[in-house]
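Working notes for the structure below.
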Amino acid sequence: LVSCGTTPGGDPGNGQKWFKMNNCGACHGEQGKGGRAPDVTNIDMGFGSFVKKLRKKDAPIMPPYPESKISEQDAADIYAYLKSVK
């Protein structure tokens, strides 16, 4: 379990794999930028905010990604990947 305010260690390589497997690039661009959806590279939000957006059920276009689809660790890996892309 991740305590409040703690960012779990993430693996950018695994994050890139999960980003591609979940087809995030279809909207956000191949490397998280240049797509029709907002640029998500080098994000400036904390991990908790990132997970809330990822799981949000009322986003106008982006589908929600519950824990059953993207685990907390996979989310941490995606977060680490997005933070690493320049």
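The values are calculated or read from the model by the stated rules, or taken from the named source; none is laboratory data. Worth saying up front: this structure is predicted, and the values here are computed from it rather than measured. Here the Cβ positions follow ideal geometry from the backbone for every residue, glycine too, while neighbour counts run over all protein chains shown. Just so you know, the surface numbers come from the protein's heavy atoms only, side chains and all, with ligands and any DNA or RNA stripped out. Shrake-Rupley method; radii C 1.70, N 1.55, O 1.52, S 1.80 Å.
The heavy atoms of Ser68 offer some 110 square angstrom of accessible surface to a 1.4 angstrom probe. Solvent exposure of the chain amounts to 63 Å² per residue of accessible area, where only protein heavy atoms count and the probe is 1.4 Å.
Within straight-line reach of Lys69, meaning a Cα separation under 17 Å, sit the following lysines at least 8 residues removed in sequence or on another chain: Lys17, Lys20, Lys52, Lys53, Lys56, Lys57. Charge dipole (Cα centre; +1 on Lys/Arg Cβ, -1 on Asp/Glu Cβ; no other charges) of the chain amounts to roughly 220 debye. Since only Ala26, Val40, Ile70 are under comparison, the one whose Cα sits farthest along the positive direction of the charge dipole of the chain, derived from C-beta charges on Lys, Arg, Asp and Glu, is Ala26.
Ligands, DNA and RNA aside, Ile43 has an accessible area near 20 Å² when probed at 1.4 Å. Extension gain for Thr41 to Ser84 (0.36 nm times residue separation, less C-alpha to C-alpha distance): 14.7 nm.
Of the heavy-atom accessible surface of the chain (probe 1.4 angstrom), what whole percent is carbon and sulfur? The computed percentage sits at 55. Solvent-accessible surface of protein heavy atoms, probed at 1.4 angstrom with all chains present, puts Glu30, Glu72 in the order Glu30, Glu72, largest first.
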